[in-house]
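The values are calculated or read from the model by the stated rules, or taken from the named source; none is laboratory data. Everything numeric here is computed off the predicted structure, so don't read it as measured data. Here the Cβ positions follow ideal geometry from the backbone for every residue, glycine too, while neighbour counts run over all protein chains shown.
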Amino acid sequence: MSPQRLVVLDMDSTFIQQEVIDLLAAHAGVGDEVAEITERSMRGDVDFSSSLAERVALLKGLPVEIFDQVRREISLSRGAQEMVDRLHADGHKVAVVSGGFENIIHPIMRSVGVDYFRANHLESIDGFLTGRTIGAVIDRAAKAAFLKEIALQIAIPLEQTVAVGDGANDIGMMEIAGLSIAFNAKPKVQAAAMFTINDGDLLQVLRLMELSNN
């Protein structure tokens with residue numbers, strides 16, 4: 001039996017098909033503005049923390065009831081649930097770390113069976129978004145730190161970790177993981193990864209893990 005491994009995935013446009021902030025922006029009527037900032041951030045043309053603050057500020061005034069509606073608009077990427085189930089069946093652990101928002105995605109992560117999860121948290125006061133986040137921003141450095149933290153917590157060496165993502169802020173965790181996989185990713189991310197998946201099927205992660213064991 002192969003050693004236990006930890007698979008850490010980005011969330012938006014990787015574990016799920018959507019960008020959650022773009023869904024929120026559509027409801028706020030600022031979809032085009034936020035999508036343009038998101039695209040620049042994904043390419044690595046702008047600092048993630050700055051771009052996040054800029055985008056979240058545009059969501060000010062949205063009622064928190066929007067969380068339930070946006071959650072219904074989210075769909076898992078192809079093969080996501082089966083990947084989690086098969087990884088668990090083989091004794092591995094699955095984590096998701098996201099520059100998106102815990103307020104929305106946490107119930108979905110629980111239902112899918114993800115073992116560990118961390119994301120940004122949108123601040124609200126009196127039932128409305130303030131246009132700010134609470135706590136440390138989950139950026140490129142924080143994603144890498146999360147992978148290290150969980151690996152240490154469950155005593156899995158870094159060489160037995162797998163990082164999967166699509167954006168520039170995933171490169172940090174890819175650089176320290178034993179296996180790095182770019183998923184439907186920007187050219188800069190594909191160049192940084194050991195393998196690429198371009199067909200949108202997360203079950204390919206299992207195939208690449210087997211290849212890396214040989």
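Kindly indicate whether Arg118 is more than 15 Å from the chain's Cα centre (by Cα), under 28 Å from Asp201 (Cβ atoms) and of a type in the set (D, E, K, R). Break it down stepwise before answering.
Working: more than 15 Å from the chain's Cα centre (by Cα): no; under 28 Å from Asp201 (Cβ atoms): yes; of a type in the set (D, E, K, R): yes.
The answer is no for Arg118.
Given the residues Gly131, Gly135, which is the only one that is farther than 29 Å from Glu82 by Cα, surrounded by fewer than 21 Cβ atoms within 10 Å (Cβ to Cβ) and touching a residue at least 40 places away in the same chain (Cβ under 8 Å)?
Details: Gly135 fails: touching a residue at least 40 places away in the same chain (Cβ under 8 Å).
Of the residues listed, the single one that is farther than 29 Å from Glu82 by Cα, surrounded by fewer than 21 Cβ atoms within 10 Å (Cβ to Cβ) and touching a residue at least 40 places away in the same chain (Cβ under 8 Å) is Gly131.
Where in region 1-58 are there helices (runs of 4 or more DSSP H), lying wholly inside it, with at least 3 residues that are closer than 23 Å to Ile108 by Cα and touching a Pro at 6+ places or on another chain (Cβ under 9 Å)?
Details: elements: 20-28, 31-43, 48-57.
Ranges flagged: none.
Here are the criteria: (1) under 27 Å from Arg43 (Cβ atoms); (2) surrounded by fewer than 18 Cβ atoms within 10 Å (Cβ to Cβ); (3) at pLDDT 95 or above. Tell me which single one Leu147 does not satisfy.
(2)
Which residues, taken from region 138-155, are free of Cβ contacts under 8 Å to residues at least 12 places away in the same chain and outside any helix (DSSP H, G or I)?
Ala155
Those residues that are closer than 16 Å to Gln17 by Cβ and either more than 15 Å from the chain's Cα centre (by Cα) or surrounded by fewer than 15 Cβ atoms within 10 Å (Cβ to Cβ) (or both), I need them from region 82-110; list them, please.
Across region 82-110, the qualifying residues are Glu82, Met83.
For region 39-98, name all the residues that are of a type in the set (Lys, Arg) and touching a strand residue (DSSP E or B) at 6+ places or on another chain (Cβ under 8 Å).
Kept after step one, since they are of a type in the set (Lys, Arg), are these residues of region 39-98: 40, 43, 55, 60, 71-72, 78, 86, 93.
Across region 39-98, the qualifying residues are Lys60, Arg78, Lys93.
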